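First up is the structure itself, then whatever we jot down about it.
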Amino acid sequence: MIWTVLLLFKGLLAVILIYKRRCRRENEPPLDKGYIPWLGHALEFGRDAAKFLSRMKKKHGDIFTVRAAGRYVTVLLDPNMYDAVLSDTEALDFKSVSKVLMQRMFSLTMPNHDPASERAWMKQHFHGPSLVQLCESMQNNLQLVFSTTDVAQNPQQWSTGGLFSFCYSLLFRAGYLTLFGVCENDVTQLDTVYEEFRKFDGLLAKLARQTEKREERRMARGAQERLWQLLSGCGAGQSTRALGSSWQRSYLEHLQSEEVEEESQRRAMLLQLWVTQGNAGPAAFWLLGFLLTHPEAMCAVRAEIRSLQLQRHPLANLQKHTPVLDSVLSETLRLRAAALITREVVQDKVLQTGAGQEYLLRRGDRLCLFPFLSPQMDPQIHREPEKFKYDRFLNADGTEKKDFFKGGVRMKYCNMPWGAGSNMCVGRHFAVSGIKQFVYMMLTNLDLELCDQQSTMPPVNPSRYGFGMLQPIGDLEIRYRLKPASSSLEHCHRR
Ligand code: HEM
């Protein structure tokens, strides 16, 4: 009994000390600890990071430090200072943050893991000649998975369903075939992988924040186990589908060269599955959703695709000569890509603003950039930032618009869906190519419309801020059927 009381007393003392200890020092950013000892702002941060950080920005400006679950997190929201953070790999460490997340989300530890060598390995596959091959494979696999859908098998009939599920499942399956492959060409395996992945993906944000309930943890771990199993390759004597297996094999060889133990090799496959397949489907959903709910944007994209179809190599030109579709994609990503870029401060560091003011970052704290708030949703850079404007990234002459200003100064970063600097998304070209191929395929093969012409886009799930592409709460109901052979893209739906 006496020991319990003593322990409780010691715990209370520690909490009080932690609460009392931290004070703002000279030149440090404004400090906002919140009222709850130790926890600070963790709950509000996790519930809706965009809302919470907007509130803090209004209160403190572009740089401030908040307490969240015992940690002090400095948040920087001035894009003109992002380079100073992204270029400093000495004082600001990416590795320790990713290690923690790997453990929490994927139950994965890789003591010898070297992100730089993994990045170099990734680049071999997702840049240059290998990229061309992967994109071709993706194109074929998209057609293959599309041919297995209800709509392709019952050409005359209208099908109905949720657009999010439709986009996510098709892009996931095609991406999985392209990078991972299935055993003995058994495409039914894709259904199981997709279903397990969605269960797991739905709980990832909670796993990362360690806020899952016991039942949710059990579900997530169950899905993880099944995915590890499914991803660990084919049984003896079975073969995998062509290109996928070679990427996966090469990744295994890379892990072996880093002396990653066998169990961790298995688990790392799920991390790769999430990195490579977790964002493109949701991005395609928002893009098509915005087109369906903005008829003038749909008309402009259809007109561009029509003119592509008149060319000799429409699919090759799809990647190069589609300024309207590119602008729609950039605008979609501006509105719905919301990664938090996080670093551990491993040495005290001074950050300087454009106006010459200096801020001291304390060793042991975290530093976060949230490009979603600025530049992407910054009203001084983008007028009416919450509105979808399909031509926001187009100049009057129809070319790509790259110049955006804040306070008269041209911004280096006006949209940062892929991050920036040394950790910028390696798969961005592959992602863009896949999304464009998918949208082209949908618009040229399908009659696609909203079930209810008055419906609007579903709201964003606010707990996903910080995890790449956002996902909706609910879905957008659509109906679709295979286009009759005689019809063209000319028809524009007016609401
Ligand atoms: C719309 C789709 C996608 C979006 C919005 C996106 C976004 C991002 C962002 C913001 C980062 C940087 C994270 C940070 O700095 O902490 C990142 C990293 C990464 N992405 Fe993507 N991504 C997408 C699709 C893909 C695809 C399809 C692949 C691969 C096929 C991929 C592979 C990677 C890899 C390997 C990294 C880690 C880079 C490194 O740490 O060096 N991404 N992605």
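Here are the numbers for this structure:
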item	result
Matching residues, region 370-420, being of a type in the set (Lys, Arg) and surrounded by fewer than 18 Cβ atoms within 10 Å (Cβ to Cβ)	ARG383, LYS387, LYS401, LYS402, ARG410, LYS412
Exclusive hit being of a type in the set (Lys, Arg) and in contact with a Leu (Cβ under 9 Å, 6 or more places away or on another chain), set ARG119, ARG104	ARG104
Hits in region 334-363 - residues which are outside any loop (DSSP other than H, G, I, E, B), closer than 19 Å to TYR82 by Cα, within 13 Å of the ligand (Cβ to nearest atom) and in contact with a strand residue (DSSP E or B) (Cβ under 8 Å, 6 or more places away or on another chain)	ALA337, ALA339, ILE341, THR342, ARG343, GLU344
Helices (runs of 4 or more DSSP H) wholly inside region 75-192 containing at least 3 residues that are within 20 Å of ALA280 (Cα to Cα)	115-126, 128-147, 163-179
Matching residues, region 405-422, being within 16 Å of the ligand (Cβ to nearest atom) and at negative phi	TYR413, CYS414, ASN415, MET416, PRO417, TRP418, ALA420, SER422
Complete set of residues in region 315-356 that are at pLDDT below 95 and out of contact with any helix residue (DSSP H, G or I) (no Cβ under 9 Å at 6 or more places or on another chain)	ALA316, LYS320, ALA355, GLY356
Considering residues of region 306-324 that are under 23 Å from ASN140 (Cβ atoms) and of a type in the set (A, V, I, L, M, F, W, C) only, the residue nearest to the ligand (Cβ to nearest atom)	LEU318
Region 311-324 residues that are in contact (Cβ under 8 Å) with a residue 60 or more places away in the chain, paired with ones that are polar (S, T, N, Q) and part of a helix (DSSP H, G or I) (beta carbon under 8 Å, 6 or more apart)	LEU315/GLN139; LEU315/GLN437; LEU318/GLN437; GLN319/SER433
Candidate set: region 245-281, residues that are among the small types (Gly, Ala, Ser) and within 14 Å of the ligand (Cβ to nearest atom); chosen: the one nearest to VAL145 (Cα to Cα)	GLY281
Selection from region 113-131 of residues that are within 13 Å of the ligand (Cβ to nearest atom) and farther than 22 Å from GLN265 by Cβ	HIS127, LEU131
Selection count, region 179-203, where residues are within 25 Å of HIS429 (Cα to Cα) and modelled with pLDDT of 95 or more	5
Near pairs, Cβ below 7 angstrom, 6+ apart or cross-chain, from region 403-421 (part of a strand (DSSP E or B)) to any residue that is polar (S, T, N, Q) and surrounded by fewer than 18 Cβ atoms within 10 Å (Cβ to Cβ)	LYS406/GLN380
Residue tally, condition over 22 Å from the mean Cα position of the chain (by Cα) and among the polar types (S, T, N, Q), over region 437-474	6
Single unsatisfied condition, LYS10 versus (1) assigned to a helix (DSSP H, G or I); (2) assigned by TED's automatic domain parsing to the domain that holds ILE63; (3) at pLDDT 55 or above	(2)
Tally, over region 65-81, of residues that are touching a Lys or Arg at 6+ places or on another chain (Cβ under 9 Å) and closer than 15 Å to GLU344 by Cα	9
Residue count for region 423-433, restricted to those that are of a type in the set (Gly, Ala, Ser) and more than 7 Å from the ligand (Cβ to nearest atom)	1
Only one of LEU101, LEU134, LEU170, LEU163 that is away from the ligand (no atom under 15 Å from the Cβ) and surrounded by 14 or more Cβ atoms within 10 Å (Cβ to Cβ)	LEU163
Evaluation of VAL85 against (1) within 16 Å of the ligand (Cβ to nearest atom); (2) surrounded by fewer than 18 Cβ atoms within 10 Å (Cβ to Cβ) (one fails), failing number	(2)
Residue in region 325-332 that is more than 14 Å from the ligand (Cβ to nearest atom) and either in contact with a Phe, Trp or Tyr (Cβ under 7 Å, 6 or more places away or on another chain) or of a type in the set (Asp, Glu) (or both) present	yes
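The values are calculated or read from the model by the stated rules, or taken from the named source; none is laboratory data. It should be emphasised that the depicted structure is a prediction, and the values quoted were computed from it without experimental measurement. Every residue, glycine as well, gets a Cβ built from its backbone with ideal geometry; the counts of neighbours run over all protein chains shown.
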